[in-house]
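Structure first, then comments.
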């Protein structure tokens, strides 16, 4: 318990007996026992709530991943079933107008 060995527990018991006396020691030990029991119960409840919350979050993430994969597969399948002539493509290409450094300065390039 708490990483204490038998000798450490024995030393604490003797110290408690000397400091508190034989009349108060059982009452203090009982109070400490209840306190640590309540503390353990509270921490166990917090751990359980955290685990439930984590599991709920993981389930939600799995549902989202499943929905994304389903939508992605449906999207890919819809493209696979289209005929090539149904696909419209804009094949007109307009080259960007290139200007030389001379044209930017308002001069015409010399022809060779």
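Okay, here's what the table says:
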item: Rg in Å to one decimal, and Dmax rounded to a whole Å, for the stretch 25-75 via C-alpha atoms; result: 22.0, 74
item: Virtual spin-label span in nm between residue 50 and residue 72, 7 Å along Cα→Cβ; result: 3.2
item: Potential lengthening between residue 35 and residue 9 on full extension [0.36 nm per residue; Cα-Cα distance subtracted]; result: 7.6 nm
item: Separation of the residue 25 and residue 42 label points, Cα + 7 Å toward Cβ, nm; result: 2.9
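No lab work stands behind these numbers, since they all come straight from the coordinates. This is a predicted model, so every value here is computed, not measured. So basically every Cβ, Gly included, is an ideal-geometry build from the backbone, and we count neighbours across all protein chains shown.
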